[in-house]
Amino acid sequence: MIEVDNVRALQAHAGQTLGVSDWVLIDQPFIDRFAQATGDHNWYHVDVERARRDMPDGKTIAHGLLVLSLVPGLAGPMLKIHRRGRALNYGSDKVRYIHPVQVDERVRLHVVLKAVEPRSDGVLMRRRCTMEIEGRDKPAMVAEVLTLLYD
């Protein structure tokens with residue numbers, strides 16, 4: 001974890017690792033809740049019986065966007081800024097889903113503070129976020145996540 005007094009002090013930490021999260025289990029109820037929330041009910045996410053027959057390993061897989069949506073919650077505890085205004089999601093660049101997360105696998109997030117760009121009212125923070133799958137050589141996802149942090 002990195003701890004700073006204000007958003008501008010983040011610039012001194014560009015290039016550093018912010019941290020690694022705890023493991024999170026991606027089970028079928030979690031996948032089903034995401035499908036319900038988003039309306040994405042593709043069979044390879046929610047149809048356990050069909051996945052058993054038609055998927056290469058016989059298991060459902062998590063939505064790529066489910067994996068990406070875990071970033072804010074898992075990354076939050078890695079950075080403490082004592083004096084700041086609001087923080088807004090500014091988007092994601094170069095999102096790649098490298099390996100699917102199968103049901104009942106665990107993932108964790110590695111975060112590197114890639115860059116901190118000054119703005120008139122704060123900074124634009126760029127973080128490289130890599131979602132690792134327990135026991136796999138390839139990550140589930142790699143993304144550059146952008147956040148606007150105000151003074």
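Coordinate-derived values only; no laboratory data. Because the structure is predicted, anything quoted here is derived from the model rather than measured. Here the Cβ positions follow ideal geometry from the backbone for every residue, glycine too, while neighbour counts run over all protein chains shown.
For the pair Y150 and R119 in one chain, pulling the backbone fully straight at 0.36 nm per residue adds 10.3 nm over the alpha carbon distance. What does the charge count near A115 come to, summing +1 for each Lys or Arg and -1 for each Asp or Glu among other residues with Cβ under 14 Å from its Cβ? The answer is +4. Among the trypsin sites (Lys or Arg not before Pro) in segment 58-90, those located in a DSSP loop and surrounded by at most 10 other Cβ atoms within 10 Å of their own Cβ are R86. A simple spin-label model places the labels of E49 and N6 6.2 nm from each other, with each point 7 Å out along Cα-to-Cβ. Taking the DSSP bridge list for the chain and keeping only pairs wholly inside it, about 90 percent are antiparallel.
With the highest mean first, a sort of the peptides 141-148, 129-136 on other beta-carbon atoms found within 10 angstrom per residue produces 141-148, 129-136.
Report note on the peptides 102-109, 12-19: ranked by the mean count of other C-beta atoms within 10 Å, highest first, their order is 102-109, 12-19. In the chain, helical runs assigned H by DSSP with n ≥ 4 each contribute -39500 (n - 2.57); averaged across all residues and rounded to the nearest 500, the mean residue ellipticity at 222 nm is -5500 deg cm²/dmol. In this Cβ point-charge picture (+1 for Lys and Arg, -1 for Asp and Glu), segment 1-44 has a dipole of about 140 debye about its Cα centre.
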